[in-house]
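The values are calculated or read from the model by the stated rules, or taken from the named source; none is laboratory data. In this text the structure is predicted, and so the values were computed from the model without any measurement. When the accessible area is computed, the model is the full protein with side chains, heavy atoms only, and any ligands, DNA or RNA have been set aside. Shrake-Rupley method; radii C 1.70, N 1.55, O 1.52, S 1.80 Å.
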Amino acid sequence: MTRTVVSSATREVVIGPDRPFVVIGERINPTGRKLLAAEMREGDYHRVEADALAQVAAGAHMLDVNAGIPLADEPAILAEAIRLVQSLVDVPLAIDSSIVEALEAGLAVYEGKALVNSVTGEEERLERVLPLVARYGAAVVAISNDESGISEDPDVRFEVAAKIVRRAADHGIPASDVVVDPLVMPVGAMRFAGAQVFHILRRLREELGVNSTCGASNISFGLPNRHGINSAFLAMAISNGLTSAITNPLEREIVTAIKAADVLTGNDRDCVAWIRTFRETGAAAGGRGRRRGRRRRAVRAG
């Protein structure tokens, strides 16, 4: 069994097919969040602080931290955000940027073993990111596209992933420290986007023996009731080998689907996490229901 170990200064998280599914909180990301982007640009991190605390309280095992703000000093902002988040919560972080200098700035201040998000199969990216990952002893997300773009052929995307795993080994990075993102495309635009991801995930598990992750919400882009599609997609992806995802732990449907998948794959031993979560939730709901019932009876009696 391949296990990817990442850590903060005080907590270790293990990603693996025989472990509970790892939720990487997605909300510390200014992409598409104009207010958050404006605040971070001005050095205001109160929303970053709130998002970090809320996601961990909701059960996120890790947090993704992104500072991709156009025309801003991304390396400085990312480093500051990482310092702040690590002072507030003890979960490991994914350091997320398309700019190598920002990744390096984040790694320089990070305490523990980070997950670098990300490297692609493009030669220039491989030669700049992989030495950085090796130098800091980090793990890395391998995104399965290269100079030719994102292939619609899942077998081509698998071959790009295999290439990144081989090149990582050349830099002394073991396959256990490479977490592959098979690239989730919107199913509303590409009919078999979900089926393609499931196909790649099976090959990643059976042939490469690596762990995997994805930006789960991409699958539902442009469609109504996105949470319904996202939660079903995650449950099905987990059954095909997905071991982690960058997603929103504040969405109850998504968390329920992940916890149910852990039960059904045998990774929630004796259903302990499921029972703990839903017995407590049910007891609270039942108590409210009983109180409402007593109030209704009192009104009728009066």
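How much accessible area per residue does the chain have, counting only protein heavy atoms and a probe of 1.4 Å, in square angstrom? Please list the in-between numbers first.
On the way: 14000 Å² over 302 residues.
Each residue of the chain exposes 46 Å² on average to a 1.4 Å probe.
Given the rule -39500 (n - 2.57) for each run of at least 4 DSSP H residues, summed and divided by the residues of the chain, what is its mean residue ellipticity at 222 nm, to the nearest 500 deg cm²/dmol? Don't skip to the end; give the middle numbers.
Working: 10 runs with 144 residues, N = 302.
Mean residue ellipticity at 222 nm (helix-derived): -15500 deg cm²/dmol.
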Segment Arg3-Ile99, length gained on full extension (0.36 nm per residue, minus Cα span)
31.8 nm
With only alpha-carbon atoms in the gyration tensor, what are the semi-axes of the equivalent ellipsoid for segment 101-159, in Å, largest first?
25, 11, 8
Carbon and sulfur: what percent of segment 1-151's accessible surface (1.4 Å probe)?
50
GNM on the chain, Cα springs under 10 Å; top mean-square fluctuation among Val129, Val23, Val100 goes to Val100
What percent of all Cα-Cα pairs in segment 145-193 falls in each 5 Å bin, counting up from 0?
5, 20, 27, 19, 15, 8, 4, 2
In Å, the Kirkwood hydrodynamic radius from C-alpha pairs for the chain sits at 20.1
On a full-extension model of 0.36 nm per residue, what is the gain between Asp270 and Glu12, subtracting their alpha-carbon distance, rounded to one decimal in nm?
90.6 nm
